[in-house]
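See structure below.
The values are calculated or read from the model by the stated rules, or taken from the named source; none is laboratory data. Predicted model, so just to flag it, every value in this text is computed and none were measured. Here the Cβ positions follow ideal geometry from the backbone for every residue, glycine too, while neighbour counts run over all protein chains shown. Note: accessible area is taken over every heavy atom of the protein model, side chains too, but ligands, DNA and RNA are not part of it. Shrake-Rupley method; radii C 1.70, N 1.55, O 1.52, S 1.80 Å.
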Amino acid sequence: MDLALLRTFVTVHRAGSFTRAAALLGLSQPAVTSQIRTLERQVGRPLFLRQARGVTPTPVGDELAHRAAPHLDALVEITETGLDEDSGVRTLHLAGPPEFTSLRVLPTLSPLITQGLALRTSFGNAQETLDGLAAGHHDLAISTDRPRGTVLTGTALCDEEHVLVAAPRWAGRIGPGLLRRKGPQVLEQLPVVEVHESLPLVTRYWTTVFDARPATAGTVVAPDLRAVLHATAAGAGLAVLPRYLCEDALERGEIVALFDPPVPPLRTYFLAVRTGTLALPHIARAHEWLLRAATDWS
């Protein structure tokens, strides 16, 4: 049985789609379809049921994937390891949100540089990073969306607490007692600093904590939470920020928490890989390193 056919089969099985598998393999969709038909003729049984959106493996297809995939993954590991034998350096392609990746992920992985790891980083939103991972552009992705399907595997990495903050001069006008008594309408006099016109962080905070939607628009919009932090500290208005990002500014008194809810809003980060790629040592090492470090993140 041709190993190339098996590789295509396993990729389709994990991707759940001829189109997605073609992108992962760098082949055309007709080429993938042809290879699967050839393999089905050799096996003498259908391996997939064609549906309007993707494919579903038959019992025979599931059995073949279960038996073949571990061996194909081992062959990929041998091949990939051999590519860099001369230099001893392996490159990890990483993707995630710019702030979290810059402040949490890259510093955590930096010690692996001395162990022969090189890093290439891409920034993007949750869906962009997962799409790029599925298409084979990245080895690891950090996303606030949980990966779906079988082509990607996601592990909860850590939770991010959100804090409602403003510069002291604004906080002096909105004491926590007034906010508790009169509710979020007292915040309507403050300008809002956000990463997007849709106010994703402010809206999440309002709906979770106040059971309401914000009745204001963004005054300053900058697509990077670090810019939001600096603008807020300079007095541009209120913002909702991850605690890991603004903790130092809070301790220095540059910004002040406007409210301390009993249950603060949380957002979960997931560490995602393509199914099967943890057989590659450099990906597995970085994956394990991040999971271990994340136990101390808050």
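Percent relative contact order of the chain, based on C-alpha pairs within less than 8 angstrom and at least six residues apart?
22 percent.
Using a 7 Å offset from Cα along Cα-Cβ at Arg226, what residues in segment 157-197 end up with backbone N under 17 Å from the label point?
Only 195 pass the distance filter.
Quick check: at a probe of 1.4 Å, how many percent of the accessible area of segment 158-298 sits on carbon and sulfur atoms?
Details: 3400 of 6520 Å².
That fraction is 52 percent.
Over the Cα atoms, compute the radius of gyration (one decimal) and Dmax (the largest Cα-Cα distance, rounded to a whole number) for segment 1-73, in Å.
That works out to 10.8, 31 Å for Rg and Dmax.
Calculate, in nm to one decimal, what Leu3 and Leu103 gain on full extension: separation in residues at 0.36 nm each, minus their alpha carbon distance.
Working: separation 100, 0.36 × 100 = 36.00 nm, distance 4.23 nm.
Full-extension gain reported as 31.8 nm.
Please build a GNM for the chain, connecting alpha carbons under 10 Å apart, and tell me which residue among Leu164, Leu178, Leu187 fluctuates the most.
Of the options given, Leu178 has the highest mean-square fluctuation.
If the only charges are +1 at each Lys and Arg Cβ and -1 at each Asp and Glu Cβ, what is the size of the charge dipole of segment 146-263 around the Cα centre, to the nearest 20 debye?
Numbers: 12 positive and 13 negative charges, 69 e Å.
Dipole about the Cα centre, nearest 20: 340 debye.
For segment 245-298, state what percent of all Cα-Cα pairs lands in each successive 5 Å bin, counting from 0 Å until the bin that includes the largest distance.
4, 13, 17, 16, 14, 11, 9, 8, 7, 1
Return one number: the angle in degrees, 0 to 90 and rounded to the nearest 10, between the long axis of the Cα atoms of helix 59-83 and the longest principal axis of the Cα atoms of the chain.
80
Tell me, what does the Kirkwood hydrodynamic radius of the chain come to in angstroms if you use every pair of distinct C-alpha atoms? Intermediate results must be reported in sequence, preceding the final value.
Values: mean 1/r = 0.0457 Å⁻¹.
Answer for the chain: a Kirkwood hydrodynamic radius of 21.9 Å.
With bins 5 Å wide starting at 0, give me the P(r) of segment 89-223 over every alpha carbon pair, in whole percents.
With 5 Å bins starting at 0, P(r) equals 2, 8, 14, 17, 15, 12, 10, 9, 6, 4, 2, 0.
Restricting to the chain, what percent of DSSP beta bridges are antiparallel, rounded to 5? Could the numbers behind the result be given before it?
Details: 21 of 33 bridges.
Counting DSSP beta bridges with both partners in the chain, the antiparallel share is about 65 percent.
Once fully extended, how much extra length lies between His137 and Arg53, figured as 0.36 nm per residue of separation less the alpha-carbon to alpha-carbon distance?
27.9 nm
Under a 5 Å amide H to amide H cut-off, with H placed in plane at 1.01 Å, what residues pair with Thr58 once short-range neighbours are removed?
Amide H neighbours of Thr58: Phe48, Leu49.
Any idea which of Leu266, Ala231, Pro168 is furthest toward the positive side of the dipole for the chain, if Lys and Arg beta-carbons carry +1 and Asp and Glu beta-carbons -1?
Leu266
With r as the distance between the Cβ atoms of His66 and Leu291 and R0 = 30 Å, compute the FRET efficiency 1/(1 + (r/R0)^6) and round to 0.05. Write out the running numbers ahead of the final one.
Working: r = 26 Å, r/R0 = 0.86.
Calculated transfer efficiency: 0.70.
Can you pull the one-decimal nm distance between simple spin-label points at Asn125 and Glu251, each 7 Å off the Cα toward Cβ?
Result: 3.3 nm between the two label points.
Return the FRET efficiency for the residue pair Thr114, Thr155: r is the Cβ-Cβ distance, R0 is 35 Å, and the value is rounded to the nearest 0.05.
Approximately 0.85, to the nearest 0.05.
Take the alpha carbon gyration tensor of segment 201-272, find the square roots of its eigenvalues, order them as a ≥ b ≥ c, and report rounded if a/c is under 1.5; if not, report prolate when a/b exceeds b/c, else oblate.
Rounded shape, in that the Cα axes give a/c under 1.5.
How big is the antiparallel share of DSSP beta bridges in segment 145-265, given as a percent to the nearest 5?
Beta bridges within segment 145-265, antiparallel portion: roughly 65 percent.
Treating the Cα atoms of segment 149-219 as identical point scatterers in vacuum, please give the log10 of the normalised Debye intensity I(q)/I(0) at q = 0.21, 0.26 Å⁻¹, two decimals.
Relative scattering, expressed as log10 I(q)/I(0), comes to -0.98, -1.36.
As an exercise, use a Förster radius of 25 Å and the Cβ-Cβ distance of Arg148 and Ala215 to find the FRET efficiency, rounded to the nearest 0.05.
In this case the efficiency is close to 0.15.
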